[in-house]
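J.: Could you have a look at this structure, given as structure tokens, before my questions?
Read the figures in this text as sums done on the coordinates, not as results from a lab. The shown structure was predicted, so the numbers you read here are calculated from the model rather than taken from an experiment. Ideal geometry is used to build each Cβ from the backbone, glycine not excepted, and the neighbour counts take in all protein chains shown.
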Amino acid sequence: MTNAATWQHRVAEGIRTLSPAYFALPMSTGIIALASDALGHGTAGRVFFALNNVEYAALAVLYILRLTFFFPQFRNDLAAHRKGAGFLTIVAASCLLGQEYAHFPGNHAVATAFWVTGLITWLFFAYTFFILVTVRAHKPSLERGINGTWLLFVVSVQALAILACTNVLHWTIPPRTTLFTALLFHLLGWLFYLVFIGIIFYRTIFTVLRANEFEPSYWINMGAAAITSLAGSTLAETVGEHALWTELVPTLKVLTVFAWIAGVWWIPVVFVVGLWRLGSVPVRYQPGYWSMVFPLGMYTLCTWHLAGLFNVPLLKDISPLFIWVAWGAWLVTAIGMWMRIGKVYLLGR
């Protein structure tokens, strides 16, 4: 086999085995872009925004190629308990990129297009995955079937709620209808979080957890709570600005704090258990590590919004520190990704 043919084979194999959750990469870049700009690092925010466009476009092409040429593998992943929910990263990545377009160039038409893309992909992947794992004849045990990616059900619908709030004045439908839609997605996210976090809690506490089974996706325990807090604060602010359903604002604020403190509680848990994992599992890049980066950026931004919503200066001191952690995590993971790509596709290792 010639060098060109070998390289083509490696590329084809990479597309065939592409992780369903790889859109966690533009998710991570997108949330760090928004968090950076919110904290006054406008140049960094725009750099991450530019990178996010490239990442999203490249992955869209790769996913389309996988769907076209490797449909059986695509279908099998969608029907797999441990992998199928990963496709919901497409929804969250689309909404976050739409949020960036609404924020940086102020292009709400493109932001709306990304919201529609997110909604369509959510309807397809959420229902298809859930139905496929429900009707399949042979199912894995709880410890082999559940992981942190199931919380992408939460992340995806909260991302839809946030972008709907952002575009409330730029859609032809009345603001009341838009905000009610955002409220429905937000509450659906709460339903998903309470259900899935309970199952995940049971799995980690009451069944044997081996080091290699504590995947980076468990950081979404914190990330899902953080984006729920961000969606709640965004919805409370937007509803208040439009003087609609003002009686809901106190409840939304309480739920926002509830989600934030849930996210805070998970941080030391996943951090310490992650260190325990490192004692047995060597560090080697995998796409799942982007599931660790996203929660750090989301926690930074949701804390900043929460501080503004409640006017608590102490909380505002947290975000400027955490943005450095998020930048560092993104950089280390990106270096690991490109080193892995170089080894596989250039050196053939």
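J.: Would you mind working out the magnitude of the charge dipole of the chain relative to its Cα centre, with +1 at each Lys and Arg C-beta and -1 at each Asp and Glu C-beta, to the nearest 20 Debye? Write down the numbers at each step before the final one.
T.: Numbers: 20 positive and 12 negative charges, 235 e Å.
So the magnitude is around 1120 debye.
J.: Equivalent-ellipsoid semi-axes (√(5λ), Cα gyration tensor) for the chain, whole Å, largest first?
T.: Values: eigenvalues 196, 104, 92 Å².
Ellipsoid half-lengths, sorted descending, are 31, 23, 21 Å.
J.: How charged is the neighbourhood of D37? Take every other residue with its Cβ under 13 Å from the Cβ of D37, and add Lys/Arg as +1 and Asp/Glu as -1. Walk me through the intermediate numbers first.
T.: Numbers: positive: R46; negative: E100.
Value of the local net charge: 0.
J.: Here is a further query. Two decimals, Cα atoms only, Kirkwood Rh: what is Rg/Rh over the stretch 201-299?
T.: Value, to two decimals: 1.12.
J.: Projecting each Cα onto the charge dipole of the chain (Lys/Arg +1, Asp/Glu -1 at the beta carbon, about the Cα centre), which of L188, A80, G336 comes out farthest on the positive side?
T.: Towards the positive end, the residue furthest out is A80.
J.: Also: Please report K316, K343, K253 as a ranked list, fewest other C-beta atoms within 10 angstrom at the top and most at the bottom.
T.: Working: K316 15, K343 12, K253 18.
Ranking K316, K343, K253 by Cβ neighbours within 10 Å, fewest first, gives K343, K316, K253.
J.: List the extent of the Cα atoms of the stretch 273-321 along each of their three principal axes, largest first, rounded to whole Å.
T.: 44, 20, 14
J.: Mind checking which lysines have their Cα closer than 18 Å to the Cα of K316? Skip sequence neighbours fewer than 8 apart in that chain.
T.: K253
J.: Counting Lys and Arg as +1 and Asp and Glu as -1, what is the net charge of the other residues whose Cβ lies under 15 Å from the Cβ of F294? Intermediate results must be reported in sequence, preceding the final value.
T.: Working: positive: none; negative: E55, E100, E215.
Surrounding charge for F294 is -3.
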